[in-house]
1. Under 5 Å between amide H atoms, partner at least 5 residues away or on a different chain: which partners does Gly77 have, H built in plane at 1.01 Å?
2. Residue by residue, what Karplus-based ³J(HN,Hα) values in Hz, rounded to whole numbers, does region 70-80 have, using 6.51, -1.76 and 1.60 with θ = phi - 60° and x for Gly and Pro?
3. Could you calculate the contour length gain from His27 to Ala48, that is, 0.36 nm times the residue separation minus the distance between their Cα atoms, to one decimal place in nm?
4. How high is the FRET efficiency between Ser36 and Cys6 when r is their beta carbon distance and R₀ equals 25 Å, given to the nearest 0.05?
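What follows is calculated from the coordinates using simple rules that are stated; it is not laboratory data. All figures in this text were calculated on a predicted structure; none of them were measured in a lab. Virtual Cβ from ideal backbone geometry, glycine too; neighbours counted across all protein chains shown.
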Amino acid sequence: MSGWACARAAARLHLGFIDLNGELGRHFGSIGLAISGQDAEVIARLAAPGLLDVHGADAARARQAALQALAWLGMSGGVRIDVNAVARATPDSVPARRSRWRSRAPWPRCAAPEPGA
């Protein structure tokens, strides 16, 4: 199927820290932790001109981001967006505590969307 694009990223948990007395020279810092076994996937497909159709997890937030992107691109729609949470199997040969980068585990690819889906 032509006219589609997909992006997939590992889920992350971000923790924020506040330096209450300011001795460290900055007031705020954070750390992000990857969540093993869960990815977020966004699939965008061409649709009828002027149509913006958004489905899936946190669709309202995805719709707002799509509206901003379409405005920046000077477009009025013509896209269907699906936001999915995707379980990722960890290969048996890769210990769960090791990161994907260090283990060289392959990044899963997005599958082509079903026709008419």
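1. For Gly77, the qualifying residues are Gly50.
2. So the Karplus estimates, Gly and Pro as x, are 4, 4, 5, 7, x, 10, 10, x, x, 9, 10 Hz.
3. 2.8 nm
4. Computed FRET efficiency for Ser36 and Cys6: 0.70.
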